[in-house]
Amino acid sequence: MKYTILFFSLLSFDARSELFFHKFNNGSARKIKIEKLNGFHVNHECINNKQECLQLILKPLGQKTKQTQDVLGNPASDFCEFNNGNSEILRDKKNNEYDYCVLKNKYYVDSWDFFNLNKK
């Protein structure tokens, strides 16, 4: 009797590697592909311009002091806006929400990745 041995490997799957949909107020949507770059979740434009994008991520303008930080709210979004970014919510196919910081040249980086790397 011949046996076939099957080997299964568990792959780490990150839901954020799928396409995301940016929904605009007028009801239209745009797909944004998210990939990993040096541990950050970023969009394809950032991957294509690694040096410039990483410079923006790794050398932010700075952080707010405790006196100027908002008492309530999302500290990652607050940090994004302090560094001249715009905080945007992206949704996946299951309508899960993710907070992304849109930096200059339309570089999308996960707001929490950006914040956690740069917090002191």
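The values are calculated or read from the model by the stated rules, or taken from the named source; none is laboratory data. Quantities reported herein were computed from a predicted structural model and do not represent experimental measurements. Every residue, glycine among them, receives a Cβ derived from its backbone with ideal geometry; neighbour counts consider all protein chains shown.
Here are the numbers for the structure shown:
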read-out	value
Among (1) at pLDDT 90 or above; (2) in contact with a Leu (Cβ under 8 Å, 6 or more places away or on another chain); (3) not in a strand (DSSP E or B) - the single one residue 100 does not satisfy	(3)
Complete set of residues in segment 13-43 that are at pLDDT 70 or above, aliphatic (A, V, I, L, M) and closer than 19 Å to residue 109 by Cβ	32, 34, 37, 42
Members of segment 79-89 that are hydrophobic (A, V, I, L, M, F, W, C) and out of contact with any helix residue (DSSP H, G or I) (no Cβ under 9 Å at 6 or more places or on another chain)	82, 89
